[in-house]
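> Once you've had a glance at the structure underneath, I'll fire off some questions.
The values are calculated or read from the model by the stated rules, or taken from the named source; none is laboratory data. Since we're looking at a predicted model, the values are computed, not measured. No Cβ is skipped: glycine too gets one built from the backbone with ideal geometry, and neighbour counts run over all protein chains shown.
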Amino acid sequence: MPKVMISAGEASGDLHGASVAETLKSMQPDIELFGMGGSNMRAAGVDIVYDIADIGVMGFVEILWNLPKFFRLRGLLSRIMDERRPDVLVLIDYGGFHMALAQVAKKKGIPVVYYICPKAWVWGKWRAKAIAGWVEKVAAIFPFEADIYREAGASVSFVGHPLVDIVRPSMDRETAFRHFGADPKKPLLLLLPGSRFQEVSSLLDIMMAAAKKIREQLPDCQFYLPVAPTIPMERIESVVQASGVPVVYTCNSTYNLMQIADCAIAASGTVTLEAALMGLPSVIIYRVKTSTYWLVRVVANVSHVGLPNIVTGRRILPELIQHEATADNVSQAALRLMTDPAVRAQAAADLKEVRVNLGEPGAVKRVASIVLDVASGRKA
């Protein structure tokens, strides 16, 4: 019976970990799964030895304040490895912490599979070289990422992006319009401020100020805001009400909502890639604490922050960073995407390229196969 330890450090990793766990169980019903994660991994049959509910921090400065907690957590997971001796450790995203955990596993002779690995194209190729020395296999979700890790000496498989399997509507457009109470004859704009409290606190005010300006130009525009379960509703309502812009709140069924929207204003992150896969153009905005921003400017080596732009290697969608993320700039960019036929047509063509670059469906099954291969090699 293979023993697999899975480690995910935040909500998105928990979702990906759950998908891997479910697929592993379908392929090997007697498998033993344990590790760090959240409610989704637990529901998928993973024995959660540490719940991630209280460690979702962002930014260099915030992480520095929490270093003692991360040292204690690394010690706990190291002891778990000693006690339960997994045949393989699967790391999912959460680069800074998981790079340290990979070293711990390497010293113990436990092979590591890294899925959704550290963004070496952002933080420098030294990360790829370090991971090549600690990890048995890298499961890369972007083709350019696979090239970087391969050049660094890692054993790499390009598995494709898991969102290709996940992102699809469950309703047709007509049903979706009825479900959300939206008018198909009026423009519809999505507000996507993120799933972390820090993101919402930083970005929602700008989004609502931009929405107010858009409404002046498009009085019949409909505004919808999917609310993440991690965000207190009172925080969102206070900002929205202060803006005076009527907003419809939703939960779940976001892909169905994306297929009937004309444009989104979105926090930089996975949601921009989800929107791209749905063919929905976004204005991507990004703001963090000033200290964190300048540290990123010094350390990072990247031309774009929006994932659709990174995937295509060029700016196919507008992205407004830090001081550029003003209500005027955001509203003007959104209005161009909503009202200029040439701009919309170009965006539609570019978003098709994003889907092609993310590979074929079946990413999670390919990851699970790699995990079982590495685990069986360890047992042998």
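> All but one of (1) in contact with a strand residue (DSSP E or B) (Cβ under 8 Å, 6 or more places away or on another chain); (2) in contact (Cβ under 8 Å) with a residue 60 or more places away in the chain; (3) basic (Lys, Arg) hold for LYS186; state the number of the condition that does not hold.
Answer for LYS186: the failing condition is (2).
> Would you please name the residue that is surrounded by the most Cβ atoms within 10 Å (Cβ to Cβ), looking only at residues in the stretch 223-255 that are farther than 11 Å from PRO193 by Cβ and of a type in the set (D, E, K, R)?
GLU237
> May I ask you to list the residues in the stretch 283-310 that are out of contact with any strand residue (DSSP E or B) (no Cβ under 8 Å at 6 or more places or on another chain) and either part of a strand (DSSP E or B) or modelled with pLDDT of 90 or more (or both)?
Within the stretch 283-310, LEU307, ILE310 qualify.
> Consider LEU280 carefully, then state whether it is at pLDDT 95 or above and either farther than 28 Å from GLU216 by Cβ or part of a loop (DSSP other than H, G, I, E, B) (or both). Steps first, answer last, please.
Numbers: at pLDDT 95 or above: yes; either farther than 28 Å from GLU216 by Cβ or part of a loop (DSSP other than H, G, I, E, B) (or both): yes.
Yes; evaluated as a whole, the condition is true for this residue.
> Take VAL20 and decide whether it is modelled with pLDDT of 90 or more, assigned to a helix (DSSP H, G or I) and among the hydrophobic types (A, V, I, L, M, F, W, C).
For VAL20, the condition - modelled with pLDDT of 90 or more, assigned to a helix (DSSP H, G or I) and among the hydrophobic types (A, V, I, L, M, F, W, C) - is met.
> Follow-up question, since we're still on this one. Here is a check on your reading of the model: is ILE92 modelled with pLDDT under 95 and within 28 Å of GLY160 (Cβ to Cβ)?
no
> Among the residues that make up the stretch 322-339, is at least one of them at pLDDT 95 or above, touching an Asp or Glu at 6+ places or on another chain (Cβ under 7 Å) and crowded, with 22+ Cβ neighbours inside 10 Å?
Within the stretch 322-339, not a single residue is at pLDDT 95 or above, touching an Asp or Glu at 6+ places or on another chain (Cβ under 7 Å) and crowded, with 22+ Cβ neighbours inside 10 Å.
> Would you say VAL167 is touching an Asp or Glu at 6+ places or on another chain (Cβ under 6 Å), modelled with pLDDT under 95 and crowded, with 17+ Cβ neighbours inside 10 Å?
Taking the combined requirement at face value, the residue satisfies it.
Residue-wise test of (1) farther than 25 Å from SER268 by Cβ; (2) at pLDDT 95 or above.
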site	(1), (2)
VAL4	yes, yes
LEU15	no, no
SER26	yes, yes
PHE34	yes, yes
GLY56	no, no
ARG72	yes, no
ASP82	yes, yes
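> Of the residues that sit in the stretch 40-54 and are surrounded by 21 or more Cβ atoms within 10 Å (Cβ to Cβ) and at pLDDT 95 or above, which one is nearest to MET81 (Cα to Cα)?
Per the stated criteria, the residue is VAL46.
> Identify, please: which residue in the stretch 167-181 is touching a residue at least 60 places away in the same chain (Cβ under 8 Å) and charged (D, E, K, R) and is, among those, nearest to PRO361 (Cα to Cα)?
In this case the residue turns out to be ARG168.
> So, one more: Among the candidates THR250, THR270, which residue alone is over 24 Å from LEU320 (Cβ atoms) and among the β-branched types (Val, Ile, Thr)?
Exactly one of THR250, THR270 is over 24 Å from LEU320 (Cβ atoms) and among the β-branched types (Val, Ile, Thr), namely THR250.
> Additional query: Have a look at ALA242, ALA264 and point out the one that is under 20 Å from GLY279 (Cα atoms), hydrophobic (A, V, I, L, M, F, W, C) and either touching a helix residue (DSSP H, G or I) at 6+ places or on another chain (Cβ under 9 Å) or assigned to a loop (DSSP other than H, G, I, E, B) (or both).
Details: ALA242 fails: under 20 Å from GLY279 (Cα atoms).
So the residue among ALA242, ALA264 that is under 20 Å from GLY279 (Cα atoms), hydrophobic (A, V, I, L, M, F, W, C) and either touching a helix residue (DSSP H, G or I) at 6+ places or on another chain (Cβ under 9 Å) or assigned to a loop (DSSP other than H, G, I, E, B) (or both) is ALA264.
> In this structure, is VAL367 more than 24 Å from the chain's Cα centre (by Cα), on the phi < 0 side of the Ramachandran plot and in the same structural domain as TYR114 (by TED's automatic domain parsing)?
No, not satisfied.
> Something else: Just to be sure, is ALA342 in a helix (DSSP H, G or I), at pLDDT 95 or above and surrounded by 20 or more Cβ atoms within 10 Å (Cβ to Cβ)?
Judged against the criteria, ALA342 is not a match.
> Checking the condition of a type in the set (Val, Ile, Thr) and free of Cβ contacts under 8 Å to residues at least 40 places away in the same chain, which residue from ILE116, ILE141, ILE131 passes?
Among ILE116, ILE141, ILE131, only ILE131 is of a type in the set (Val, Ile, Thr) and free of Cβ contacts under 8 Å to residues at least 40 places away in the same chain.
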